[in-house]
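Novice: This structure is in structure tokens; I'll ask about it shortly.
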Amino acid sequence: MHLSDTLQSLVDASVFEPGHVWLAGAGPGHPRYLTLEVVQALATADVIVHDALVSDAVLSLASTDNLVFVGKRGGRPSVAQQDITAKLIELARAGKRVLRLKGGDPFIFGRGGEEAEALVEAGICFRALPGMTSALAALAAANIPATMRGLSRSITFATGHAAGTPDDLDWKALARTGEPIVVYMGMSTIGTITSLLIEGGLSADTPVAVLMAASTPQERSLTATLATVEAEVKRQDFAAPALVVIGRIVSMQTVLSGKTT
């Protein structure tokens with residue numbers, strides 16, 4: 001059996017039917033992080049509705065040139081969520097095989113759950129195709145283990161876009177756990193987040209890594225402490241998309257970076 005036949009046999013046999021929507025994760029950027037079933041979906045979709053964080057390299061694998069951009073980026077003009085959902089329903093009702101392609105994983109800060117719920121309410125069949133969330137890919141690329149015996153017993157994925165507002169997380173409670181935190185969408189609120197964590201009892205010397213644009217040509221990283229990271233982000237001109245990793249696991253980066261390939 002040829003390798004291509006073996007790979008094909010590993011892909012789920014589900015058929016992408018006309019009028020269905022598949023909510024798929026495109027991973028952090030580089031096509032190497034795509035799952036086989038997402039590659040299959042790219043080859044069979046009639047239309048791809050994609051976010052800003054889906055890379056051109058991933059989109060180049062699509063067999064259709066019917067690409068609908070609905071990117072949402074903080075602080076910039078964006079397509080309203082209700083309009084995105086309405087477009088998915090419209091295309092599905094027109095008999096299209098609709099691939100809703102999101103950076104990372106659709107159900108981890110990707111609003112995939114909201115879109116799935118709307119599709120169910122509209123009577124549209126859907127399927128979720130998981131993708132590698134950017135945190136796991138970025139941490140691995142930076143030689144930072146997400147969990148490690150003796151350093152962490154759990155890890156928290158948190159969104160930072162609402163920091164300091166009434167809808168915010170209880171950052172002080174997270175600080176008291178002493179466990180690592182990976183913050184998505186926290187670049188514009190990093191000062192607020194670090195201040196709240198310190199107020200909650202997390203040491204100002206806690207190591208922090210900022211991982212920007214993981215797996216893309218723009219990939220960069222920096223390390224600092226809870227007390228210095230806001231200034232370092234500004235000094236080194238870091239910007240979204242980026243993840244902020246807080247906790248003792250960051251210290252493993254130095255240990256593990258000596259003999260990697």
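Novice: Be a star and scan the stretch 199-235 for residues whose amide nitrogen sits under 17 Å from the point 7 Å along the Cα-to-Cβ vector of SER188.
Specialist: 234
Novice: Here's a follow-up. Among ASN66, THR189, SER55, whose Cα lies farthest out toward the positive end of the dipole of the chain, if unit charges sit on the beta carbon of Lys, Arg (+1) and Asp, Glu (-1)?
Specialist: Result: THR189.
Novice: Could you estimate the translational diffusion coefficient of the stretch 192-244 from the Stokes-Einstein equation, with Rh from the Kirkwood formula over C-alpha pairs, at 10 °C and 1.306 mPa s, in whole µm²/s? Could you put the intermediate results ahead of the total?
Specialist: Details: Rh = 11.5 Å.
So the translational diffusion coefficient is about 138 µm²/s.
Novice: Assuming R0 = 22 Å, can you tell me the calculated FRET efficiency for the pair ALA43 and ALA146, based on Cβ-Cβ distance, to the nearest 0.05?
Specialist: The value I calculate is 0.10.
Novice: Let me ask another. If only Cα atoms are counted, what is the Rg of the chain, and what is its Dmax, in Å?
Specialist: 19.7, 61
Novice: Sorted by average packing, counted as other Cβ atoms within 10 angstrom per residue and highest first, what order do 189-200, 233-244, 166-177, 130-141 take?
Specialist: By packing density, highest mean first, the sequence is 130-141, 189-200, 233-244, 166-177.
Novice: In the stretch 88-199, what is the volume of the convex hull around the alpha carbon atoms, normalised per residue and reported in Å³?
Specialist: It comes to 144 Å³ per residue, whole-number rounded.
Novice: Here is a further query. How much length is gained if the chain between THR159 and GLU232 is pulled fully straight, taking 0.36 nm per residue apart and subtracting their Cα-Cα distance, in nm to one decimal?
Specialist: On the way: separation 73, 0.36 × 73 = 26.28 nm, distance 2.05 nm.
In short, 24.2 nm is gained.
Novice: Okay, moving on. Subtract the Cα-Cα distance of ARG176 and VAL120 from 0.36 nm times their separation in residues, and report this length gain in nm to one decimal. Write down the numbers at each step before the final one.
Specialist: Working: separation 56, 0.36 × 56 = 20.16 nm, distance 3.92 nm.
Gain on extension, ARG176 to VAL120, equals 16.2 nm.
Novice: Dipole magnitude of the stretch 135-256 about its Cα centre, charges +1 at Lys/Arg Cβ and -1 at Asp/Glu Cβ only, in debye to the nearest 20?
Specialist: Working: 8 positive and 10 negative charges, 68 e Å.
Result for the stretch 135-256 is approximately 320 debye, rounded to the nearest 20.
Novice: Let me have the relative contact order for the chain, percent, based on Cα pairs under 8 Å that are six or more residues apart.
Specialist: Relative contact order here is 18 percent.
Novice: Then there is this: Given that compact globular proteins tend to follow 2.2 N^0.38 Å, what is the ratio of the alpha-carbon Rg of the stretch 135-256 to that value?
Specialist: 0.96
Novice: With charges only on Cβ, +1 for K and R and -1 for D and E, what is the dipole size of the stretch 3-132 about its Cα centre, in debye, rounded to 20?
Specialist: In debye, rounded to 20, the stretch 3-132 gives about 320.
Novice: Distance in nm between label sites at ALA86 and ALA57, each 7 Å beyond Cα in the beta-carbon direction?
Specialist: The answer from the label model is 3.6 nm.
Novice: Now for a separate question. When you take every Cα atom in the stretch 3-132, what is the radius of gyration, and what is Dmax, the widest Cα pair distance, in Å?
Specialist: Rg then Dmax for the stretch 3-132, in Å: 13.8, 46.
Coordinate-derived values only; no laboratory data. On a predicted model such as this, the values are computed, not experimentally measured, just so you know. Using ideal geometry, Cβ is built from the backbone for each residue, glycine included, and neighbour counts are taken over all protein chains shown.
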